[in-house]
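The structure appears below as structure tokens.
The values are calculated or read from the model by the stated rules, or taken from the named source; none is laboratory data. Since the model is a prediction, treat every value here as computed from it, not as a measurement. Cβ placement follows ideal geometry from the backbone for every residue including glycine, while neighbour counts extend to all protein chains displayed.
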């Protein structure tokens with residue numbers, strides 16, 4: 001028997017969830033988006049060309065679904081910062097409190113980026129797509145991926161730099177953070 | 001910022017290793033002579049790492065059963081067979097057509113590299129929690145088994161096959177306590193081994209939810225999506241174990 005595409009989709013689920021969480025803050029709503037994405041992908045699976053990347057194709061479906069059906073609902077959703085911090089702090093008891101807080105700050109800073117920057121950031125830096133693959137997933141030119149990505153990361157550096165009052169400014173936070 | 005004609009985008013592409021060798025060498029020279037540019041490259045590397053870490057928890061979270069179920073219970077349109085080469089897990093030692101179930105609340109599946117949230121009494125937790133399990137995965141020949149311990153329980157880990165995948169190697173295994181058993185997939189696609197998936201076997205006679213397809217098929221699907229080869233022959237495997245799984 002050949003391999004079922006469903007099993008490949010299951011293997012992608014953690015990554016689909018990560019991208020969904022970049023688009024939708026509420027955890028349940030993000031999982032709804034993942035589920036809707038899987039359903040739409042499986043209905044349209046004959047439009048996926050075997051041999052091309054299933055992940056980029058599914059990220060594209062997810063973002064289009066979000067634009068069509070989820071975006072409006074999300075803008076009304078309350079932002080739950082407390083749960084965010086708690087979840088990170090609780091998930092890794094082995095991390096220092098400081099690095100847990102740094103992660104919480106990073107998440108908050110990412111959430112404050114405009115969606116178009118946030119999507120590129122997550123596809124490249126978290127999902128580890130190449131610039132080309134991210135461009136395909138978002139249906140934009142590679143040059144646009146690069147300019148959005150650079151702006152997103154400059155904004156992130158600036159936001160995270162401001163969260164700690166160190167005399168040497170953002171540089172110390174950014175280059176000195178690694179233990 | 002755009003001193004010596006180097007744009008932030010170029011420095012970012014350099015940090016992300018997204019540029020050709022020639023440009024990279026030119027940027028490397030520019031960065032060496034200019035601390036300001038070097039700082040910008042470092043900041044791009046840092047934001048990448050921070051973004052990755054900020055989402056690490058989501059990637060490692062237990063997978064809600066409803067998502068797995070929604071995929072497994074759907075019928076792909078046309079239900080076509082994909083052109084992957086047929087490859088069976090080398091599983092002579094496994095019970096054939098084992099009935100596998102995905103246990104709601106048992107958080108052992110599709111975890112990334114971290115062990116957060118694994119049910120402590122599950123065999124999966126042993127595989128995740130015990131460095132001895134990782135050591136067994138790296139060193140046992142297929143068919144070999146070893147007792148590993150965690151949280152006061154003990155389980156037998158048995159390696160069932162080895163595969164070359166994109167960027168490294170994966171091995172399939174079973175892990176069983178007296179009460180429960182599971183099968184899983186561990187891979188070395190970077191410096192170390194990590195457990196990619198653990199799927200609990202259904203207890204005999206249980207009437208809990210069972211997916212239409214077995215855990216072996218899920219692991220096979222994961223192997224295929226990683227670009228897995230045919231199972232490695234015993235002598236290849238032996239050489240890899242001795243070399244520490246160097247490519």
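Quick one: which helices (runs of 4 or more DSSP H) sit completely within the range A:1-88 and have at least 3 residues that are surrounded by fewer than 21 Cβ atoms within 10 Å (Cβ to Cβ) and modelled with pLDDT of 90 or more? Don't jump to the end; show me each part of the working.
Working: elements: A:5-23, A:27-43, A:54-65, A:71-75.
Hits in the range A:1-88: A:27-43, A:54-65.
Name every residue in the range B:42-63 that is farther than 22 Å from residue A:99 by Cβ and surrounded by fewer than 19 Cβ atoms within 10 Å (Cβ to Cβ), in order of residue number.
Step one: filter the range B:42-63 for residues farther than 22 Å from residue A:99 by Cβ, giving B:62-63.
B:62, the sole residue that qualifies.
Could you list, in sequence order, all residues of the range B:1-39 that are within 14 Å of another protein chain (Cβ to nearest Cβ) and under 33 Å from the mean Cα position of the chain (by Cα)?
Scanning the range B:1-39 gives B:9, B:10, B:11, B:12, B:13, B:14, B:15, B:16, B:17, B:18, B:19, B:20.
Given the options B:48, B:69, B:32, name the one that is outside any loop (DSSP other than H, G, I, E, B), at pLDDT 90 or above and over 25 Å from residue A:123 (Cβ atoms). Steps first, please.
Working: B:48 fails: over 25 Å from residue A:123 (Cβ atoms); B:69 fails: at pLDDT 90 or above.
None of the others qualify; the one that does is B:32.
When you check residue B:42 against the structure, is it facing chain A (nearest Cβ under 7 Å) and modelled with pLDDT of 90 or more, yes or no? Walk me through it before giving the result.
Values: facing chain A (nearest Cβ under 7 Å): yes; modelled with pLDDT of 90 or more: yes.
So residue B:42 passes the test.
For the range B:131-138, indicate whether the set of residues that are in contact with a helix residue (DSSP H, G or I) (Cβ under 8 Å, 6 or more places away or on another chain), crowded, with 16+ Cβ neighbours inside 10 Å and modelled with pLDDT under 75 is non-empty.
no
What do you reckon, is residue B:63 touching a residue at least 12 places away in the same chain (Cβ under 8 Å), in a loop (DSSP other than H, G, I, E, B) and within 12 Å of another protein chain (Cβ to nearest Cβ)? Steps first, please.
Working: touching a residue at least 12 places away in the same chain (Cβ under 8 Å): yes; in a loop (DSSP other than H, G, I, E, B): yes; within 12 Å of another protein chain (Cβ to nearest Cβ): yes.
For residue B:63, the condition - touching a residue at least 12 places away in the same chain (Cβ under 8 Å), in a loop (DSSP other than H, G, I, E, B) and within 12 Å of another protein chain (Cβ to nearest Cβ) - is met.
Out of B:197, B:212, B:182, which single residue is closer than 22 Å to residue A:54 by Cβ, at pLDDT below 85 and in a strand (DSSP E or B)?
Answer to the selection: B:197.
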